[in-house]
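No value in this document is a laboratory result; all are computed from the given coordinates. Treat the numbers as computed from the prediction; the structure is a model and nothing was measured. Reconstructed Cβ throughout: ideal geometry from the backbone, glycine too, with neighbour counts over all protein chains shown.
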Amino acid sequence: MDAQQVLTLGQQALYLLLTVAAPLLLTALAIGLVVSIVQAATQIHEATLSFVPKLLGAVLVLTVTGPWMLSSLIEFIQRTLTGIPGLVR
């Protein structure tokens, strides 16, 4: 296994990480932005007002995209594990 193969594997793993985490992060970002605008407009600054909608949004996104996330991770792990004999000479 040379350095190029290690870098390629690491690059693929980071890309998969970003792809799988993006729906959750973007949902939390969008909900946080909306809640902060509402808090600024109404002058209500309650910590749970920000936390609960983000939690509900994350649960909803995990419910919808969870099977896709899991299958993507399983596919990557299977490809990596089946490729090990070819990498070790």
Between 0 and 90 degrees, rounded to the nearest ten: what's the tilt of helix 47-87 against the longest Cα principal axis of the chain? 0
Test of understanding: in a Gaussian network model of the chain with alpha carbons linked when under 10 Å, which of THR27, THR42, THR19 would top the mean-square fluctuation ranking? THR42
Among (i) 37, 24, 22; (ii) 65, 26, 14; (iii) 57, 28, 18, only one was calculated for this model; which label is it, if the read-out is Cα extents along the principal axes in Å? (ii)
The chain: relative contact order from alpha carbon pairs under 8 Å, six or more residues apart, as a whole percent, is 41
On a 0 to 90° scale, report how tilted helix 3-42 is relative to the longest principal axis of the chain, with both axes built from alpha carbons and the result rounded to the nearest 10. 10
Simple label model, 7 Å out from Cα along Cβ direction - THR8 to ALA21, nm: 2.5
